[in-house]
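Take a look at the following structure, please.
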Amino acid sequence: MLREFNGEFHGNGRPDELYSKLIRNGAVMHMKNTCTAAARDVKIRSPGWAVEAAARMGSGAG
């Protein structure tokens with residue numbers, strides 16, 4: 001849904017400020033705050049190499 005919206009929105013020359021207001025601060029925030037995963041939903045797991053790389057990056061951030 002968001003990919004389709006992005007194509008239509010940016011393809012019609014709408015301003016970036018409006019995009020942020022509608023999507024980042026509107027629809028996406030609403031989905032983050034109201035949607036929960038169901039037991040039947042597919043879980044996306046990070047591959048081990050990615051977890052290790054993130055841990056290395058994180059340890060250098062402090």
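Just so you know, all these numbers are worked out from the coordinates, no wet-lab data involved. From a predicted model like this one, the values you see are computed outputs, not experimental measurements.
Have a look at Arg40, Arg24, Arg14 and tell me which one the Gaussian network model of the chain (Cα, springs below 10 Å) gives the largest fluctuation.
Arg40
Which residue, Gly13, Gly26, Gly48, tops the fluctuation ranking in a GNM of the chain built on C-alpha contacts under 10 Å?
Looking only at Gly13, Gly26, Gly48, the biggest GNM fluctuation is shown by Gly48.
Give me the angle, in degrees from 0 to 90, between the Cα long axis of helix 48-59 and the longest principal axis of the Cα atoms of the chain, rounded to the nearest 10.
That helix lies at roughly 90 degrees to the long axis.
Right, here's the next one. If you line up the long axis of helix 2-11 against the longest principal axis of the chain, both from Cα atoms, how many degrees apart are they, to the nearest 10?
50 degrees
Okay, helix-only estimate at 222 nm for the chain: each DSSP H run of n ≥ 4 adds -39500 (n - 2.57), divide by all residues, round to 500 deg cm²/dmol; what do you get?
Helix-only estimate at 222 nm: -14500 deg cm²/dmol.
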